[in-house]
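The values are calculated or read from the model by the stated rules, or taken from the named source; none is laboratory data. This structure is a prediction, so every number in the text was calculated from the model and none was measured. Positions of Cβ are generated from backbone atoms using ideal geometry, with glycine treated the same way; all protein chains shown enter the neighbour counts. Ligands, DNA and RNA are stripped out before the accessible areas are found, and what is left, the full protein with its side chains, is counted by its heavy atoms. Shrake-Rupley method; radii C 1.70, N 1.55, O 1.52, S 1.80 Å.
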Amino acid sequence: MAELLRVENLKKYFKNPAGMLHAVDGVSFSINAGDTLGVVGESGCGKSTLGRVVIKLLEPTSGTIIFKGKDVTSVTKKEKKELRKKMQIIFQDPFSSLNPRLCVFDLIADPLKTYRLLGRAERQKKVFELMDMVGLARRFAYSYPHELDGGRRQRIGIARALSLDPEFIVCDEPVSALDVSIQAQILNVLQDLQQEKHLTYIFVTHDLSVVKHISTDVLVMYAGVMVEKAKTKELFATPLHPYTKALLSAIPVPDIDYKRQKVKLKGEISSPIEPKDECRFVNRCLYATEACRKKAPGYEEVLPDHFVACHNVREINNLMAEEADHLRG
Amino acid sequence: MMTSLLDIKGLHVQYSTRKNIIRAVNGIDLKIDAGKTVGLVGETGAGKTTTALSIMRLISSPPGRISEGEILFQGKDLLKATEHDMRLIRSSEISMIFQDPMTALNPIMRIGQQIAEVIYQHGDCTKTEAMERSKEMLETVGIPAARGSEFPHQFSGGMKQRVVIAMALACNPKLLIADEPTTALDVTIQAQVLEMMSDLKEKFDTSMLLITHDLGIVAEICDEVVIMYAGEIVENGSLEHIFRDARHPYTKGLFASIPSLSKDVDRLTPIPGLMPDPANLPTGCKFHTRCPHATEDCANLKPSLVSVEPGHNVRCLRVERGEL
């Protein structure tokens, strides 16, 4: 399959009174057209920043972004505006990402107006088509965002992102603010649209069950760095990084028959301001050794298409396999 | 038979606005036995928090009003208690953990003092003793006592929630109401807080009403489950009843809506439509507008909560008639 987006050693630092905040610190990945890359991690791990840097809402500190074979890391304002037609974003909070003074019709028509794409009559037709596509009844066209519930507002966000017929959409926690029954509706809309229009998604979320459901590949982030990346099935079946293991075992599963090994994490995420050259997870890791404090681990392709950043990944996983054998008998 | 610690009977709560009356809770019967953890599950606007606030008698009036029902706590009706009695009951008998730990603490008061204040107000002790007890409580929730002299902004979200839990448990309440205690937290921190809550519940022998929208959390720490929809209980039962043998179409719909970690599902089956407007609730079964099995009768007849097996009740006409 054709590669749509490639990101190499992407970094985004923010200035902070206490020093440089390393929000995204050297992330590399590539996505094929039509796939969904799930980016997971806890708050403050840099997953939203990553999404924003990739579509150039934020300028990267260093690194390269290659979109459809073209280096788009440093483009002019004009080129960026053109690029925006191909790359869009759906924001997390459907309560603050919409202009409260525009009605639904104007909100969805807004990108089309900005790009002076269609005539008045065609624009109207397109807006109604988009509303149908995302499952927003036409009677809401002249309602204002405050009159609608979260699910419908999120549908507006999706319609806006789709209005320019993009190929690539960053979904930044699009369902986190919604109730489960509405969340399922929105996830289905996103999946249907992806199939229909051959869209490529980066799906940023903290909810691992959502990621498992919607993504083809998963990237796990911790304190600005990528700790593990693999195919979704593989990552959930055989997580290799100690953090991924802990993360997976921490999710409460609504199934009383589902038994699993619990890995408990102590402490909290370390500060991303001026981090030391060590593994960022070292203070919470059950398997930390001397080496982990001396140098930050690089990414390694431990299994085919399965990348892990951990000095001791082999020892840890062999160890676990042996333990399991030992337990079995 | 032993009487329940908490026994809510036919509770109705409504909020009046200038234009209409919003019926938030419509006839809830809920029992919590000593030592048990009951999970109250429902979506936004189901009336979960209103129920909790009614138990604490914290519904602001106006606009809110408890229009009917009784809330028996150890056999005594809390709705008839005087405000003075309620002050004594709150936190020493029943205490509550609010959803958002970021706003539940006083930003200009030291953490240790905030906990001590609760103890001093309710216990017969001096301020020094209260301060000592406050330090003990901090240690109990895994925060070094020395940090009691810090202010809330110096604490992370998970630590603030621990402080709120310490405050809630400081006077050894018999009943703890936890309103979405971990919703604002990350999963690994959530796991820590949930584990701590279960341990403390054992240690202090507290009963708990856990309000949540997350069925995963319910599966991990609750003994009994109550599912609410539009201000009514639609199904209740033990953990096994609800997770192995859910009967109400809404409960089933909830389970089908959640992306599963334990099974592979290609496509979710969401519940169509939206929660009804509580100012204008549908007639008959309140869920019939979204229910895939609804018949004409469902739109006209009001179903009652009927037992399908001991301890497992369902509010659905078609289940009652044995059609589902």
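Only residues that are crowded, with 23+ Cβ neighbours inside 10 Å, in contact with a Pro (Cβ under 8 Å, 6 or more places away or on another chain) and of a type outside the set (Val, Ile, Thr) were counted in the range A:43-68, giving 1.
The residue of the range A:227-282 that is farthest from the other protein chains (Cβ to nearest Cβ), among those that are of a type in the set (Asp, Glu) and within 24 Å of A:VAL180 (Cα to Cα), is A:ASP257. For B:THR51, indicate whether it is farther than 14 Å from B:HIS213 by Cα, crowded, with 21+ Cβ neighbours inside 10 Å, at pLDDT 90 or above and in contact with a Cys (Cβ under 8 Å, 6 or more places away or on another chain). For B:THR51, the condition - farther than 14 Å from B:HIS213 by Cα, crowded, with 21+ Cβ neighbours inside 10 Å, at pLDDT 90 or above and in contact with a Cys (Cβ under 8 Å, 6 or more places away or on another chain) - is not met.
Residues that are open to solvent by less than 30 Å² (accessible area, probe 1.4 Å), away from chain A (no Cβ under 13 Å) and of a type in the set (Asp, Glu) within the range B:176-208 comprise just one, B:ASP179. Can you spot a residue in the range A:35-42 that is out of contact with any Ser or Thr (no Cβ under 8 Å at 6 or more places or on another chain) and buried (at least 22 other Cβ atoms within 10 Å of the Cβ)? Yes, because at least one residue in the range A:35-42 is out of contact with any Ser or Thr (no Cβ under 8 Å at 6 or more places or on another chain) and buried (at least 22 other Cβ atoms within 10 Å of the Cβ). Within the range A:231-252, being small (Gly, Ala, Ser) and either closer than 30 Å to A:GLU274 by Cβ or in contact with a Cys (Cβ under 7 Å, 6 or more places away or on another chain) (or both) holds for A:ALA246, A:ALA250.
B:ASP7 - would you say it is surrounded by fewer than 17 Cβ atoms within 10 Å (Cβ to Cβ), touching a residue at least 60 places away in the same chain (Cβ under 8 Å) and in a strand (DSSP E or B)? No. Comparison of B:ILE111, B:ILE115, B:ILE89 shows that the only residue that is under 20 Å from the mean Cα position of the chain (by Cα) and buried (at least 20 other Cβ atoms within 10 Å of the Cβ) is B:ILE89. A:LEU37 meets all of the listed conditions (1) at pLDDT 95 or above; (2) hydrophobic (A, V, I, L, M, F, W, C); (3) not in a strand (DSSP E or B) but one, namely (3). Report yes if some residue within the range A:179-194 is surrounded by fewer than 24 Cβ atoms within 10 Å (Cβ to Cβ) and in a loop (DSSP other than H, G, I, E, B); otherwise report no. Yes, the range A:179-194 has at least one match. When the range B:83-97 is filtered for residues that are of a type in the set (S, T, N, Q) and either closer than 17 Å to B:THR3 by Cβ or at pLDDT below 90 (or both), the ones remaining, listed by number, are B:SER91, B:SER92.
For every residue, the table says whether it meets (1) within 23 Å of B:ALA191 (Cβ to Cβ); (2) over 24 Å from the mean Cα position of the chain (by Cα); (3) modelled with pLDDT under 90; (4) open to solvent by less than 60 Å² (accessible area, probe 1.4 Å).
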site: B:PRO101; (1), (2), (3), (4): yes, no, yes, yes
site: B:ASP124; (1), (2), (3), (4): no, yes, yes, no
site: B:THR128; (1), (2), (3), (4): no, yes, no, no
site: B:ALA146; (1), (2), (3), (4): no, yes, yes, no
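Among all positions in the range B:263-276, there is at least one residue which is open to solvent by less than 20 Å² (accessible area, probe 1.4 Å), over 28 Å from B:ILE21 (Cβ atoms), modelled with pLDDT under 90 and not β-branched (Val, Ile, Thr).
Restricting the range A:127-147 to residues that are touching a residue at least 40 places away in the same chain (Cβ under 8 Å) and surrounded by 20 or more Cβ atoms within 10 Å (Cβ to Cβ) leaves a set whose member that is nearest to A:ASP35 (Cα to Cα) is A:VAL134. Suppose the filter is touching a helix residue (DSSP H, G or I) at 6+ places or on another chain (Cβ under 6 Å) and closer than 30 Å to A:VAL7 by Cα; does A:PRO100 pass it? In short, no. List the pairs whose first member sits in the range A:246-264 and is under 18 Å from B:VAL193 (Cβ atoms) and assigned to a loop (DSSP other than H, G, I, E, B), whose second member is at pLDDT 75 or above and small (Gly, Ala, Ser), and whose Cβ atoms are under 6 Å apart, counting only residues at least 6 apart or on separate chains? These pairs meet every condition: A:PRO252/B:GLY216; A:VAL253/B:GLY216; A:VAL253/B:SER262; A:LYS262/A:SER249; A:VAL263/A:ALA246; A:VAL263/A:SER249. Checked against (1) modelled with pLDDT under 85; (2) over 23 Å from B:THR212 (Cα atoms), B:ASP297 passes all but a single condition, namely (1). Take the range A:283-299 and flag every residue that is within 26 Å of the chain's Cα centre (by Cα), more than 10 Å from every other protein chain (Cβ to nearest Cβ) and surrounded by 15 or more Cβ atoms within 10 Å (Cβ to Cβ). Hits for the range A:283-299 are A:ASN283, A:CYS285, A:ALA296, A:PRO297, A:TYR299.
Could you list, in sequence order, the residues of the range B:224-263 that are in contact with a Gly (Cβ under 6 Å, 6 or more places away or on another chain) and basic (Lys, Arg)? Result: no residue meets the conditions.
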